[in-house]
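This report refers to the structure that appears directly beneath it.
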Amino acid sequence: MEHHHILRTITKLLIPIILLFALYVQFHGDFGPGGGFQAGVIFGSGIILYGIVFGLDKAMAVIPPSVLRVLAALGVLLYGGVGLTGIFLGGQFLDYSVLAAEPTKGQHLGILLIELGVGTTVAAIMILLFFAFAGFNREERG
């Protein structure tokens, strides 16, 4: 794709907008439509677009698979940790109201943390799947 200058230039302009929109969807999700899953998909597709246009090696240099595996695990641990914290504080699994002195603030904090965990995991897994499928026949080609 080295000779596609217009595509590369447009992609350089679009990727920051895509990633910024993913953050908007992530942190606006508890007030309206959207949330962790949608934000993770949007963020992952921005990195996948980068990998398609600039090459798999450059995308893996930006976010190495080892970092993505850690992020995926941390997202799941954050989700489970919020649920278990509710149990330890005297509530039920994923009972957000016990996370703060005021139940509505606890619910807001709980939803924010849960959605952050989901978004992190979804984005990391999507990018890892892209890396796996894009590099599937690498050793055969060269």
* exposed (fewer than 14 other Cβ atoms within 10 Å of the Cβ), among the acidic types (Asp, Glu) and within 30 Å of THR11 (Cα to Cα) - does that describe any residue in segment 52-65? -> yes
* Candidate set from segment 14-71 (those that are under 20 Å from LEU128 (Cα atoms) and of a type in the set (D, E, K, R)); member that is modelled with the highest pLDDT -> ARG69
* Asked: Is segment 98-119 home to any residue that is touching a residue at least 24 places away in the same chain (Cβ under 8 Å), assigned to a helix (DSSP H, G or I) and under 30 Å from HIS3 (Cβ atoms)?
  -> no
* To do: Scan segment 86-126 residue by residue and report those that are within 26 Å of ALA22 (Cβ to Cβ) and among the hydroxyl-bearing types (Ser, Thr, Tyr).
  => TYR96, THR120, THR121
* Asked: Within segment 69-82, can one find any residue that is in contact with a Phe, Trp or Tyr (Cβ under 7 Å, 6 or more places away or on another chain) and either in a helix (DSSP H, G or I) or charged (D, E, K, R) (or both)?
  -> no
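The values are calculated or read from the model by the stated rules, or taken from the named source; none is laboratory data. Quantities reported herein were computed from a predicted structural model and do not represent experimental measurements. Neighbour counts are summed over all protein chains in view; Cβ atoms, including those assigned to glycine, are modelled from backbone coordinates with ideal geometry.
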